[in-house]
Amino acid sequence: MAAVLNRTTTPTTSPASPARPRRPRGAAVLGLALAALATAVWSGSFVTSRALHDSVPPIQHAFWRWVIALAAVAPFGARRAWRQRRLIRRHGRYVLLASLLGVAVYNTLVNQAGLTTPAATMGLIMAASPVLMAVFERLGGTRLGARRTAGLLTACAGVLLLTLGTGGGAGPGTGGLWMIAAAASFAGYSALLRRRPAELDGVAFLFTTFLVGAVLLLPLQAASLAVQGGFRPAPATVLPLLYVGVASSAVAFFAWNRAIALIGAARAGLVYYLQPVLVALLSRALLGESLGLPQALAMTLILGGVILGAGAGAGAGAGAGAGAGAGAGAGAGAGAGAGASTGGGASTGSGSGSGSDRRAR
């Protein structure tokens with residue numbers, strides 16, 4: 001991964017440009033509404049992973065989720081990907097690693113965590129993704145500064161508090177550890193997005209990563225079918241898969257990109273901080289889960305730490321963690337947009353309004 005991260009690409013920053021004219025108030029309201037829509041959809045993806053934990057095996061859930069997502073995005077991305085096939089082939093290692101981390105591994109780990117971990121806890125741990133993204137930045141040579149470091153440590157304390165209390169019968173913290181691994185995978189994916197070749201079309205990249213990710217999951221899908229058997233297609237299983245495949249991968253993705261175009265990455269990212277709250281509300285309404293005092297304290301630490309760390313950068317850390325961005329759909333949304341890539345981690349990084357990629361489910 002280090003070799004790919006260190007490859008020379010077009011810088012994600014650009015010289016200062018004149019201030020843009022202020023957009024009409026209606027555009028700002030629409031942008032905030034679209035950002036809220038995307039965030040709500042991605043929040044529902046965690047609830048979906050939890051709801052299917054006893055009916056669809058994690059690998060089969062991930063595989064069919066990406067097959068459906070591929071079909072949903074194909075009308076927009078297939079032709080673009082074909083036109084850029086030589087460019088995609090030239091950056092094949094980069095695309096392969098992005099597909100592995102952001103599609104195949106990330107979503108499978110989220111589904112695995114959903115076997116034992118309440119949806120609200122999953123959402124809270126994923127909200128700490130900017131912490132891991134900051135770690136990747138530090139490994140890449142970026143100096144974090146005192147404020148970002150303080151935010152990182154505060155959010156880590158919240159994640160630790162959650163991990164110590166997410167046993168769910170699978171041993172202390174097992175589900176939380178799966179979720180931390182998922183967040184680490186997504187953070188690595190988001191670090192890769194910052195190095196996406198500028199000439200590679202965002203929607204073409206999104207389609208290609210969906211395709212490659214589904215192919216990578218194919219052998220595991222076959223093994224899961226042989227060992228665990230398939231699931232029974234029924235409204236209770238098919239409809240949630242359609243939700244994460246279509247709504248989280250296509251609808252939320254394009255809504256988020258449009259929101260960033262209207263109000264910028266930093267303002268859209270602030271809306272994304274509502275994700276843990278929305279996950280908690282949805283899980284309570286749909287699954288009967290509730291937050292206890294430790295979870296409430298952890299939410300305060302994680303969100304406080306992320307906001308503290310984000311304030312130290314120019315629009316940084318706004319929407320990382322996803323839920324693409326991406327919930328279980330974070331990986332999807334975090335793909336790459338024509339204007340500004342999105343997903344759970346969409347607006348992490350430079351904070352430019354629309355010029356560079358940052359992700360899904």
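The values are calculated or read from the model by the stated rules, or taken from the named source; none is laboratory data. Since the structure is predicted, the reported quantities are computational estimates derived from the model, not experimental observations. The accessibility values were calculated without ligands, DNA or RNA, using every heavy atom of the protein model including side chains. Shrake-Rupley method; radii C 1.70, N 1.55, O 1.52, S 1.80 Å.
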### For segment 168-279, alpha-carbon Rg over 2.2 N^0.38 Å
1.33
### Query
By accessible area of protein heavy atoms, probe 1.4 Å, what ranking do Trp82, Trp256 get, highest first?
Trp82, Trp256
### Query
Hey, what do the phi angles of segment 257-262 turn into as Karplus ³J(HN,Hα) couplings, whole Hz, using 6.51/-1.76/1.60 and θ = phi - 60°, x for Gly and Pro?
4, 5, 4, 5, 5, 7
### Query
For segment 191-272, what is the accessible area per residue in Å², given a 1.4 Å probe and the full set of protein chains?
41 Å²
### Query
With a ≥ b ≥ c the root eigenvalues of the C-alpha gyration tensor of segment 85-131, is it rounded (a/c under 1.5), prolate (a/b larger than b/c) or oblate?
prolate
### Query
What is segment 252-305 by shape, rounded, prolate or oblate, if you read a ≥ b ≥ c off the alpha carbon gyration tensor as root eigenvalues and call it rounded for a/c under 1.5, prolate for a/b larger than b/c, and oblate otherwise?
oblate
